[in-house]
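The values are calculated or read from the model by the stated rules, or taken from the named source; none is laboratory data. Quick caveat: nothing in here was measured; it's all calculated off a predicted structure. We place every Cβ from the backbone using ideal geometry, glycine too, and count neighbours over all the protein chains shown. SASA here: full protein model, heavy atoms, side chains in, ligands and nucleic acids out. Shrake-Rupley method; radii C 1.70, N 1.55, O 1.52, S 1.80 Å.
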Amino acid sequence: MDNPFLDRSFHIRWSQLSAEQIEPAVDAALAAADAALAGITRLEPAAADYAGTFLALESATELLNETWAKVSHLTSVADAPALRAAHNAALPRVSAFQTKIPLNAELWRRLKSAAQHPSVAALRGEHRRLVEETTADFRQQGADLPPEKKARLEAVQGELAALTQKYSENVLDATNAWSLVLTETDRLRGLPDHARESARQAALKKGHGTETQPAWLFTLHQPSLEPVMLYAEDESLRREVWQAAADIGRRAPHANLELVQKILALRQEKAALLGQPHFADLVLSRRMARSGAQARTFLEDLHRLVRPAFLREGRELEEFKARQTGGQVARLAPWELAYWAEKLRRERYDFDEEQLRPYFPLPVVQAGMFEIARRVFGLRVTELPAGAVETWHPEVKYYELHDEAGRHLGSFYADWHPRESKRGGAWMNYLITGGPRADGTRAPHLGLICGNLTPPNGAQPALLTHREVETIFHEFGHLLHHLLGEVEVKSLNGVNVAWDFVELPSQIMENWCWERESLDLFARHHVTGELIPPGLFERMIAARNFRSASATMRQLGLARLDLDLHMERVESMGPDLAAWLQGRLQDYLTVTEPAGPTIENRFTHIFSDPVGYAAGYYSYKWAEVLDADAFTRFKREGIFNGAVGREFVKKILSRGNGADPMALFIDFMGRPPDQQALLERAGLASL
Ligand SMILES: [Zn+2]
């Protein structure tokens, strides 16, 4: 059949892809995958060898994966009703197919038998890793369970999917249910113009106020809430908004407490079914941290090192407020923290992010980033002229990536600005996995990077914030992880690594956004061509670590709450849970008067998906430790040092999940990760 979704050529014919082809394409890909699986289960178990089972299973879903990658990518960048309907109709079938694979008893019997075959004993490297990872995947999903327990596990998964969906709907509905309409300008004191203007527009849209008699509407969504908490002079306004946000998930009809208990009980049951003491150990056994206890120790170590600075920052803020208001030094209320911190920041640094924008025109930033990739990793990025290759939208650019020997390692699309049909945020993804092939040749990889960055304004290029510049570097790091992959087993290539390792390649790239030498390659005033003036650079660096201990402690507290919920038996505490958590977290929370509630009833990271970030929130800090530590080699040996860069490619970027991530890290650093570099970067070392 000539269905372009099933066409596996490297240059995807985007203009040919249409919604009505999705169903037949998915049908055909599922049928092909089914037939391939049937081929494996027809084998005599005794004759099952490595190629006939593990490798055959690996290639069984290749066509399905590539087909589905195109479908889901299109829903992210070119959403349309027909496309979404076709995607949503096919999604349950695709995920059901994937879930059933590890529960296929006949398949599992062949894999176990092949694992004993001499062809497996002789395996090395990635192929040995494939056997280990596949068997661990099957076991972790219940392949070894007797039928009645398998059935129970499936039921638990189903309930978890439904309850976590409900939890996340409650948070969304509670967030949307609240709004505040103001009609007195007096209450808007302190709010920046852009915040007032959006509030006025929002009110008009909902039928409040007129052009001559304006009203202002505020909601609990971040862009509306944040300026209020930072700038509103009217304390009663901040208190009202803070209280409403704190109540998300705590009040009927959107109360989540009961769901929290049920979700935790089901996760505990799932862990027990699979022979683990608690959900954290189930999730972490195959991540770098290995166990809940080790992840918790990681947090506690950082906590101990950061706590003195955290307490000092708290006192400093209380004293600052007392000085400003002429009052006594006293505890702040929770709705005062962000407000006084922002005032202190402005007084101390006189630094506004907006001052940097003229120095970051997107084309110059990107060219500088490619130059860094050339110097450090020996890569050459070439943009193909518009029209040379089809893309999904005229704004999308297409690039080829070569190494110094001229090998075509891969290609990628970059799609950087918002469109109505595009989802929010920034992300990297891949469409084709190439890499070394059994016959000794190598196929190029195909990936993409997308974002919702500030768009160009008329003839003026897109001028980015520094945070947006970091975003580009971050996604480019993920992209290199895919494109530089030299892994023979596709499912082990690139970003298919443990959750607490995957952000190392992306976050390490952000370091080049903070060094004078590298900034000088890509930060140039869009009119004058000038570099960032020294004074502005110094203020930017100084402001980077303002209240750094408090920000760190907040992340540590959330991670600790997540682990405590998934390591301790809390599922039947009922309403006592909140007080129990306050007790466990007291050294992590900023002491306020009154105390604020903990966020278990609106913590969507860990409760809006059957697994998601559950027992994994610590990964944010963990990955920061890895990237800060690995970057010390560049700091010491030169941030453009090509020898270190090529070593990073050889030992980390090209390896994917071809070996244990801790082994890869140690191979590059010569030792396990050390927290010191992160503390230094955050201005928190030896305090
Ligand atoms: Zn990332």
Spot the failing condition for R407; the list is (1) under 14 Å from E475 (Cβ atoms); (2) open to solvent by 60 Å² or more (accessible area, probe 1.4 Å), and only one is missed.
(1)
Of these, R524, R516, which one is more than 16 Å from the ligand (Cβ to nearest atom) and crowded, with 16+ Cβ neighbours inside 10 Å?
R524
I want to confirm something. Restricting to the range 366-383 and keeping residues that are farther than 18 Å from R516 by Cβ and under 26 Å from the mean Cα position of the chain (by Cα), which single residue is surrounded by the most Cβ atoms within 10 Å (Cβ to Cβ)?
Q366
Which numbered condition in (1) open to solvent by less than 10 Å² (accessible area, probe 1.4 Å); (2) among the small types (G, A, S); (3) on the phi > 0 side of the Ramachandran plot is the only one that G683 fails?
(1)
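Suppose the filter is farther than 29 Å from H474 by Cβ and outside any helix (DSSP H, G or I); does A578 pass it? I'd like the intermediate steps shown before the answer.
Values: farther than 29 Å from H474 by Cβ: yes; outside any helix (DSSP H, G or I): no.
Answer is no for this residue.
Before we move on, is Y613 among the hydroxyl-bearing types (S, T, Y) and at pLDDT 95 or above? Explain how you work it out, then say what you get.
On the way: among the hydroxyl-bearing types (S, T, Y): yes; at pLDDT 95 or above: no.
When the stated conditions are applied, Y613 does not pass them.
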For H466, only one of the following conditions fails: (1) on the phi < 0 side of the Ramachandran plot; (2) crowded, with 19+ Cβ neighbours inside 10 Å; (3) within 16 Å of the ligand (Cβ to nearest atom). What is its number?
(3)
Output the residue which, of all residues in the range 417-440 that are within 16 Å of the ligand (Cβ to nearest atom) and modelled with pLDDT of 95 or more, is farthest from K490 (Cα to Cα).
W427
Condition test on E235, is it loosely packed, with under 14 Cβ neighbours inside 10 Å, modelled with pLDDT under 95 and within 18 Å of E336 (Cβ to Cβ)?
no
For the range 422-443, pairs from a residue that is in contact (Cβ under 8 Å) with a residue 60 or more places away in the chain to a residue that is surrounded by 10 or more Cβ atoms within 10 Å (Cβ to Cβ) and aromatic (F, W, Y), with Cβ under 7 Å and 6 or more apart or across chains, are I432/F10
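Can you tell me which residue is farthest from P223 (Cα to Cα) among those in the range 140-197 that are among the small types (G, A, S) and open to solvent by less than 30 Å² (accessible area, probe 1.4 Å)? Quick ask: steps written out before the conclusion?
Applying the first criterion (among the small types (G, A, S)) to the range 140-197 yields 142-143, 151, 155, 158, 161-162, 168, 174, 177, 179, 190, 195.
Those left that are additionally open to solvent by less than 30 Å² (accessible area, probe 1.4 Å): 142-143, 174, 195.
On the way: G142: 43, A143: 46, A174: 17, A195: 8 Å.
Selected residue: A143.
May I ask you to verify whether G434 is within 12 Å of L483 (Cα to Cα) and small (G, A, S)?
On the way: within 12 Å of L483 (Cα to Cα): yes; small (G, A, S): yes.
Answer is yes for this residue.
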Residue check: is F320 at pLDDT 95 or above, open to solvent by less than 10 Å² (accessible area, probe 1.4 Å), out of contact with any strand residue (DSSP E or B) (no Cβ under 8 Å at 6 or more places or on another chain) and of a type in the set (F, W, Y)?
yes
Report, ordered by the first and then the second residue, all pairs with beta carbons closer than 9 Å, sequence separation of six or more or different chains, a first member in the range 83-102 that is more than 18 Å from F54 (Cα to Cα), and a second member that is surrounded by fewer than 13 Cβ atoms within 10 Å (Cβ to Cβ).
A86/E20
For the range 196-226 the number of residues that are in contact with a strand residue (DSSP E or B) (Cβ under 9 Å, 6 or more places away or on another chain) and not hydroxyl-bearing (S, T, Y) is 17
When you go through E313, E400 one by one, which is the residue that is open to solvent by less than 50 Å² (accessible area, probe 1.4 Å), under 30 Å from Q243 (Cβ atoms), at pLDDT 95 or above and of a type outside the set (G, A, S)?
E313
Exactly one of these conditions fails for D350: (1) open to solvent by less than 30 Å² (accessible area, probe 1.4 Å); (2) at positive phi. Give me its number.
(1)
List the pairs whose first member sits in the range 404-415 and is of a type in the set (A, V, I, L, M, F, W, C), whose second member is open to solvent by 40 Å² or more (accessible area, probe 1.4 Å), and whose Cβ atoms are under 8 Å apart, counting only residues at least 6 apart or on separate chains?
A414/K397
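Restricting to the range 474-490, what's the tally of residues that are within 15 Å of the ligand (Cβ to nearest atom) and open to solvent by less than 10 Å² (accessible area, probe 1.4 Å)?
Of the range 474-490, the ones within 15 Å of the ligand (Cβ to nearest atom) are 474-482.
Imposing the further condition that a residue be open to solvent by less than 10 Å² (accessible area, probe 1.4 Å) reduces the set to 476-477, 479-482.
Residues meeting the conditions: 6.
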List the pairs whose first member sits in the range 494-511 and is within 10 Å of the ligand (Cβ to nearest atom), whose second member is of a type in the set (F, W, Y) and open to solvent by 10 Å² or more (accessible area, probe 1.4 Å), and whose Cβ atoms are under 9 Å apart, counting only residues at least 6 apart or on separate chains?
V495/Y430; E503/Y620; E503/W622
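Mind telling me which of the residues Q261, Q276, Q268 ends up being in a loop (DSSP other than H, G, I, E, B) and buried (at least 16 other Cβ atoms within 10 Å of the Cβ)? Even if it seems obvious, please write down each step before you answer.
Values: Q261 fails: in a loop (DSSP other than H, G, I, E, B); Q268 fails: in a loop (DSSP other than H, G, I, E, B).
Within the list Q261, Q276, Q268, the selection yields Q276.
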